[in-house]
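Okay, structure first, notes after.
Here, each number is a calculation from the coordinates, and none is a lab measurement. Because the structure is a prediction, the values reported are computed rather than measured. Note: ideal-geometry Cβ built from the backbone for every residue, glycine included; neighbour counts use all protein chains shown.
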């Protein structure tokens, strides 16, 4: 059996192949002027081909490692491929760690340099997301099983305390039954919160900034006077398809955590941005809303970082350890994900929500 070349011009065919690769591909002439960039390259560098074609390498990689241009020249002169690993690109929208492979295209008529840029942190991020999702599913099963095991004996305990309270004449003794009833009610409320995320979201088209303003107002009322909540919103943000109540609850849990972290004085910034071509779980989304909750508190202890989305894990003695677990579960039901990065003075919880309507 023979296969025929697709019925369109070969150049267009090869361009289509390059545009469907996951890595950025750039082609430079001997003077290191850009003559071609594929679509993933435009996405990675946050530029359009029209803007950068003809630009010199140091302008294309303006924010990259300063030694990269010298390596490109060396590859062209030697005719040998070179690879630079773990180069940090401080791009305008977000930093990226990349591997850069420079391959000379030896041609007597028009020699060129083919540069392939592989985003390393994207692969690491996908792996981390898969781990978070697996962690969340395990936590959900544990949480629901635990809640059901607690609920029935808890009701019996409260009922027995109520009956005993009616039989006791001594007011001092009745204080003990009152404590049992109150603590049973507190545990019942805790169990209800553990089971709450199971309710499916009732999604509709909504303005995410209205959700964030509601959260900001609620936390501002609760927080001490020395805590400032700063807005940094992207006005071009499209509508999100989601359940307003569930999104308020999820984001409120995260912002409240930030308020507790900064204590009596500090800054909390709520920032929104649009990100393109983001992989969540095993699916790549053309447009994603990213909501960052940033606080300048003391940060999260390194030993807790890999466990903070588990239920009952908390760095505060008075905390229940359910807020982040519930937030992750609610965001997951919207096809999104919550991530965290923390150093002293800068803790960032990032919420990713797909902007496609099919998640409705």
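A few points about this structure:
- Protection proxy ranking, peptides 328-339, 235-246, average beta carbon neighbours within 10 Å, highest first: 328-339, 235-246
- Segment residue 287-residue 207, extension gain: residue separation times 0.36 nm, minus the distance between their alpha carbons: 27.3 nm
- With the simple spin-label model, which puts each label point 7 Å out from Cα in the Cβ direction, the residue 13 to residue 276 separation comes to 2.8 nm.
- Once the chain from residue 157 to residue 27 is taken as fully extended at 0.36 nm per residue, the excess over their C-alpha distance is 39.5 nm.
- Counting neighbouring beta carbons within 10 Å and listing from fewest to most, the residues 308, 251 come out as 308, 251.
- Sites residue 86 and residue 265, calculated FRET efficiency, Cβ-Cβ separation with R0 56 Å, nearest 0.05: 0.90
- The convex hull drawn around the Cα atoms of region 201-360, when projected onto a plane and averaged over every direction, covers 8.9 nm².
- Cα centroid separation, region 253-273 to region 229-252: 15 Å.
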